[in-house]
1. Using every pair of alpha-carbon atoms in the chain, split the distances into 10 Å bins beginning at 0 and state the percent of pairs per bin, rounded to integers.
2. Could you grab the Rg to Rh ratio for the range 6-174? Cα atoms only, Kirkwood for Rh.
3. Please list, in chain and number order, the residues 5+ apart from F163 or on another chain whose amide H is under 5 Å from its amide H, with Hs placed from the backbone.
4. So what's the net charge close to E54: Lys and Arg +1, Asp and Glu -1, counting the other residues with Cβ under 15 Å from its Cβ?
5. Of the listed peptides 27-38, 268-279, what is their order by residue-averaged count of other C-beta atoms within 10 Å, with the highest listed first?
6. Gain in length, E196 to I227, computed as 0.36 nm per residue apart minus the alpha-carbon separation, to one decimal in nm?
7. Cross-link list K27/K102; K230/K287; K202/K230; K138/K310; K20/K52; K234/K280: which exceed 27 angstrom alpha carbon to alpha carbon?
8. Peptides 146-157, 112-123: what's the order by average Cβ count within 10 Å, highest mean first?
Amino acid sequence: MDLNRTKILGTGKYHPAQIKTNLDIAKTVDTSDEWIVQRTGIKERRIGDISKDEGPSGMAARAAKIAIENAGLEPNDIDLILFSVTFPDTMFPNTASWLQEKLGITNKCGALDINAACTGWVYGLTMANALIQTGTHKHILLVGTEMGSAFVNWEDRNTCVLFGDGSGAVVLGASESTDSSVIIDSILGSDSSKKESLILPKGGAVAPIRQDVLDKNEQWMSMDGQIVFKNAVKTMASHCAKLLKRNKMTMDDIDWFIPHQANLRIIEATGNLLKCPEEKVIINVEKYANTSSASIPAALHEAVEDGRIKRGDTLLFAAFGAGLTSGATLLKF
Ligand SMILES: CC(C)(COP(=O)(O)OP(=O)(O)OC[C@H]1O[C@@H](n2cnc3c(N)ncnc32)[C@H](O)[C@@H]1OP(=O)(O)O)[C@@H](O)C(=O)NCCC(=O)NCCS
C-alpha cells in the first residue's frame, strides 16, 4: 500500500488579551518579578475570560479559524478534529465537540479529545500523520488549547507563576509528490513511575470534588518542580538525539527547534545538551508562560507569521508534561 506524506497546510493561534504580569501575582502571593524571571524566564501570561468565550473551545475556535483559512479551506472541509486539552470545557461531551459547533462544522466529522498534558499536541501530530498517511482522512484539524488558569491555585506560588492560557492550531493534509513538506518521524513516551510529580489529583471518578475536597482546599494541581525539571531536560534531549540519529541527521540539518515553552531554563538546558545554537531556538515563554499543549503550535504560528519559519525549513519539536509524557517530531514545514 502506497502511503501519503503528511504536511502542515496551515497554522493559527490565539491568546486572550488579558495580561497578568509577575508584579500582578506578587500582589497576592509571596513572590517577586525577579524570582520568577530568574527561575523561569516568564514575565507575563494571558488569562482567558469566560464571559468573552475564552474557555478552551472558544480560544480554539479563534486559532482554528486562522489555521483553516491559512490552509485555504472552509470549516466543512475538515474531516476530523483532534483536540489536545488537559483542562477541558467539560468532562463530557469532549471539547472537540464544543469546537465543532463553534466552527460551524455541519458535516458531522469525528471529534476527539487527546489528554497527554503538555505533550498532547505532539501525540496528536503523530496520530494525525498516520491517519493522513493511510488516506482514511483528508484534512485533520489538530488544536492544542489550554486554560491552566482555571486549575492552578492562585495562592500557591509553586505553581501559579508558571501557567498561562492560549491556543495553537494546525490543519494537516497530504502533500503533493513534488512537495518537500512532510512529517518525517516522531517518538512518543511516558514514564508513569513519576506520574504523581505533576498531578490534578481530585475531580476525576476516583476522587470527585465533594465538600470535603473543598474544605481541605485540595481541588488544585500540585507539582514537584525539581523532578519535572530534570526529567523534562533529559527526556526531550534524548528523544531529539534519537530522532536525529535514526534519520541520519544532526543539529546542523535543523533550521528551527521548537521545544515546549515551560520554562526558559528547561529550554536552555535541553538546547545545550543537543548543542543547538541559541539562534535556532524559538522562544516565547516570556510572554505567555507555560500554555501546556498549546505552546508548540502557538510558537510555530508566531514564527511562521513573523517570517522566521519558511516553507521547506526543517523543524524539530520536543514536548514534555504530566504523565510524565514526552515526545518529539521531526518534519519539513
Ligand atoms: C518550579 C521551579 C521554577 C522552581 O525552581 P527551583 O530552582 O527548583 O526552586 P525550588 O523549588 O528549589 O525552591 C527554591 C526556593 O524558592 C521558593 N519558591 C518557590 N516558588 C517560589 C516563587 N514563585 N517565588 C518565590 N520563591 C519561591 C521555595 O519555597 C524555596 O524556598 P526555600 O529555599 O526557602 O525552601 C523549577 O523547579 C521548575 O521550573 N520546574 C519545572 C516546572 C515545570 O516546568 N512544570 C511544567 C512542566 S510541563
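1. 6, 28, 36, 23, 7, 1, 0
2. On the way: Rg = 17.0 Å, Rh = 16.5 Å.
My calculation of the ratio gives 1.03.
3. Correct list: N290.
4. Its environment carries a net charge of +3.
5. 268-279, 27-38
6. On the way: separation 31, 0.36 × 31 = 11.16 nm, distance 1.02 nm.
My answer for the length gained is 10.1 nm.
7. Violating the 27 Å Cα-Cα cut-off are K27/K102.
8. Ranking, from highest mean packing down: 112-123, 146-157.
Every number in this text was worked out from the coordinates using simple rules, so none of it is lab data. Being a predicted model, the structure only gives us computed values, none of them experimental. Every residue, glycine among them, receives a Cβ derived from its backbone with ideal geometry; neighbour counts consider all protein chains shown.
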